[in-house]
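Working notes, structure below.
The values are calculated or read from the model by the stated rules, or taken from the named source; none is laboratory data. Quick caveat, the model's predicted, so the values are computed rather than measured. Virtual Cβ from ideal backbone geometry, glycine too; neighbours counted across all protein chains shown. Calculation scope for accessible area: heavy atoms of the full protein, side chains included, ligands and nucleic acids excluded. Shrake-Rupley method; radii C 1.70, N 1.55, O 1.52, S 1.80 Å.
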Amino acid sequence: MSATVGDSVAPTLPRKDTSASSIDEKHLPSDDSSVEVHKEEEGVDVVVGLYSGHAEDAALDPAVASKIRAKLDWNLLPLLFILYTLQFLDKNSIGAGSILGILTDAKLTANQFNNLGSAFYIGYIIFVYPHAQMMQRFPIAKYIAVNIFLWSVFIGLQCTCKSYGGLFALRFLLGASEGCITSGIMTIISMFYTRVEISQRLGWTFQCNGIAQILSSFMAYGVAHIDMKAHPRPWQWFMIIITLLSLSVSILYFWRMPDNPTNARFLSEQDKVDVVKRIQVNQNGIETKVWKRYQFIEALKDPKTWMFFFFAAVADLQGGLGIEYAIIIKGFGFNTLQTTLLNIPSGFAMIIAITLGTIALKKFPNSRTIIGALGFVPGVIGCFLLMYLPWENKAGLLTQIYIIQFGGVGFVMMLSLCAIVFSGHTKKMTVNAIFLVGYALGQILCTQFWKQKYRPRNMVPWTIQLCTYIADITIILTIRWYLNRENKRRDAEQIASGKEYEEFGYIEHTREDGSVQKIKVPIQFMDITDWENKAFRYAL
């Protein structure tokens, strides 16, 4: 019996004793006559047609694999880097605007300014799951391109606002449009790269937050030389520049970014097959366009989902620093021009931390959780010193702001782990959405404890921030323990059964003449979850 429509029942895997990669239904060998199959229309991986006939191919030559990886990097990484740099500039433009005159022009109080930071993530959290569903239904790169265009419009309109209400509404819409970016990047990278490469390239992509901090500081320094009473105002020029950059990138994405390996224009047909072969070891599949209810429910039942949710929520309580940084640094006693430049080392600190993390991961491939936990230790030290260093020690206080940025590597490692320890496309998209809901909740709350009454020493905010770093380390180590335990349980279960795991399944494809063809494919391309695939082992 064939598996039923894919929103409620998991595909059934066949026995693996047939060697043909593509055979007619009527010519199935007698010992395979009862093989169960999965109908193509029930939702299988988009690469099944591309991979048809290659199930029995020899392993990919390492030299070919290296050449394919280089081609992917040259074509994908610049697009990912540009996007993430721009996204960080967009969402933190309000932070730069705080010392460029927006507080005075829009007559904003300290609490209203904090609320503008929260408004972005209220829009983000409301739209994050609809984005996940839409990215599964529509071409993901084109969907991202449309949202880049929308956010360029919203940030451009901020230049016209002179009141709290208008800015709040546009910050809400900006967050709504940017809610697909992180999940989209995670999904696209996982379609083209192996597990270790995913973590490295997500790390390199997140380094662009540091690059964006550096660029933002230089841009703010430049426009700060404009007369504060000129038209447009300095803060408006800052947003105009970002608007023009965003419009350009939306066009670039629509034209150049592939939705998956099957429509990557820079790859030949053989290259596309080789990309799929290269990442087969991930056990994750690539992409499926059918939403499956049983995978959605499984994602909600999976304890890992909620561990990652709580990690994201706690980790992003630290995000207030990205909004408040200019006010904090200026509070140490520096003037406006000095403040615009003194955030530059924060960007370099983040770049250095993530670079060290990705180098360590290459040397120790199964150590994401260890690297992540260690990444938050400088934050513990930095917060403690910010609370207890003498207030006269401006250099010491400023240095701790930079040291805290090393925590970025911890978040990157856990984000990359979340991208590879779940399988089944609907399940992965659901988990990504839940992770980002936690991220947005943390970001909504993170500005609310940076109140004017705590300035300039900010003892309460730094105490809360210190507690979040300790909690992050605890959650990360708990996730490592859970995943390691599950791997050991699966190993013991396999040894006890004395059986090999299934490696291949069959997709039932109906030809134009009505005849039925059964295509042999690796089981991960049947869009099964990590719970169903007993051969799946969790990265640590």
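A few notes on this one:
- For the stretch 347-449, convex hull volume per residue from C-alpha positions, Å³: 109 Å³
- Straight-distance candidates among the lysines for linking to Lys363, with alpha-carbon spacing under 22 Å and chain neighbours fewer than 8 residues away dropped: Lys67.
- Largest-first ordering by accessible area, 1.4 Å probe, given options His225, His231, His425: His231, His225, His425
- Summing charges over neighbours of Gly379, with a neighbour being any other residue whose Cβ is under 14 Å away from its Cβ, gives -2 when K and R count +1 and D and E count -1.
- The accessible area of Asp316, taken with all protein chains in place and a 1.4 Å probe, comes to roughly 10 Å².
- Straight-line cross-link reach from Lys301 at under 27 Å between alpha-carbon atoms covers these lysines, not counting any fewer than eight positions away in the same chain: Lys39, Lys289, Lys292, Lys427, Lys428, Lys488, Lys534.
- Gain upon complete extension [Ser163, Ile240; 0.36 nm per residue less C-alpha separation]: 25.9 nm
- Sorted largest first by accessible area at a 1.4 angstrom probe radius, with every protein chain in place, the residues Arg265, Arg195, Arg201 fall in the order Arg265, Arg195, Arg201.
- Taking the Cα centre of the stretch 381-492 as origin and assigning +1 to Lys and Arg Cβ atoms and -1 to Asp and Glu Cβ atoms, the resulting dipole is close to 200 debye.
- Note on Lys107: lysines with a C-alpha under 19 Å away, same-chain residues under 8 apart excluded, are Lys162, Lys229, Lys451, Lys453.
- Qualifying chymotrypsin sites (Phe, Trp or Tyr not before Pro) in the stretch 215-270, DSSP loop, other Cβ atoms within 10 Å at most 14: Phe266
- Our summary gives the stretch 61-188 a relative contact order of 33 percent, counting only alpha carbon pairs under 8 angstrom and 6 or more residues apart.
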